[in-house]
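Taking it in order: structure first as structure tokens, then the write-up.
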Amino acid sequence: MIIAANLKTNFTRKQTTEYIDELESYISKNNTTQDVLVFPATSSLNPHEGKVIVGAQNAYATNNGAFTGEIGLDHLNEFGIKTILIGHSERRHVLGESQQQLVKKFNFYKELGFKIVYCVGEPLEKREAGKGEMMNYISAQYEGIDTSYENLIIAYEPVWAIGTGLTPTLEDIQTIHTDLKEKSTAPLLYGGSVKVTNAKEVLALNNVDGILVGSAALNAQHFCSMIQFAEDIQ
Ligand code: PEP
């Protein structure tokens, strides 16, 4: 399974290094075989060798150039980063990235063979508008995306569940994941208020291939417990 931590705008470089070291030591002590991904803040990226795969939360579709505030491939290469998160709801809804921009970014990093964790998910009003409207909204987020890309991982993250403590029911997660698996056979993660107290049940669902965890991943011990749940289930 894939257990991923989105550290968002948290942890300095020093804290991130300590965090990743703690995960590495848990993984080697317990011989866990899960794929563990960590997405630190951009300024906390560092070269890393080990079992944990370190990815970027964002980068522009460019090698370098005049894109103030952004980083490009040259900067990722400096740290040996080959994994990127694209389409996170905070980038779509807070920072206003359009589907067109995301597709451009996706294609750029796909051409380079990056592992891409591509996020989809509906805001509350779309969920409340009924299943048809909700699925149409999510389907639009697949437009322009090569769903058969071999290094693709999809994360279903309902916007209203991110950082709110709210989650869909387990039955809902399973139903939506089953529907989304028809769009792509790529590994499908669930994200949105996953915590140490609900991760086991989520990971046990059919068509859930892992989890993408935000706030709760900041506690390294809790995150290690989630890695262990996945190991025990497998
Ligand atoms: C996320 O940011 O991808 C996320 C799932 O956040 P949280 O776990 O805090 O809801």
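The values are calculated or read from the model by the stated rules, or taken from the named source; none is laboratory data. Only a predicted model underlies this, so the values are computations on that prediction, with no experimental measurement involved. Glycine gets a Cβ as well: all are built from the backbone with ideal geometry, and neighbour counts include every protein chain shown. Note: accessible area is taken over every heavy atom of the protein model, side chains too, but ligands, DNA and RNA are not part of it. Shrake-Rupley method; radii C 1.70, N 1.55, O 1.52, S 1.80 Å.
Worth pointing out:
- Once exposed loop GluC sites (Glu not before Pro) are cut out (DSSP; at most 12 other Cβ, 10 Å), longest piece of the chain: 50-142
- Gyration tensor (alpha-carbon) shape descriptor, the chain, a/c threshold 1.5: oblate
- Of the solvent-accessible surface of the chain, computed with a 1.4 Å probe over protein heavy atoms with every protein chain present, carbon and sulfur atoms account for 48 percent.
- Among the listed pairs Lys8/Lys183; Lys104/Lys200; Lys14/Lys104; Lys8/Lys115; Lys29/Lys105, those whose Cα-Cα separation exceeds 30 Å are Lys104/Lys200; Lys14/Lys104; Lys29/Lys105.
- Length-normalised contact order of the chain in % [C-alpha pairs under 8 Å, at least 6 apart]: 21 percent
- Once the chain from Thr147 to Asn30 is taken as fully extended at 0.36 nm per residue, the excess over their C-alpha distance is 38.7 nm.
- Note on the chain: dipole from Cβ charges, positive end direction compared against Asn58, Phe114, Val103; the farthest Cα belongs to Asn58.
- Only Lys, Arg, Asp and Glu carry charge here, each on its Cβ (+1 for the first two, -1 for the last two); on that basis region 121-184 has a dipole of about 60 debye about its Cα centre.
- Dipole in debye (nearest 20) - region 163-216, about Cα centre, beta carbon charges: Lys, Arg +1; Asp, Glu -1: 180 debye
- Per residue, in Å², the accessible surface of region 53-164 once ligands and nucleic acids are set aside, probe 1.4 Å: 46 Å²
- Rounded to the nearest 20 debye, the dipole size of the chain about its Cα centre is 260 debye, using +1 on the Cβ of Lys and Arg and -1 on the Cβ of Asp and Glu.
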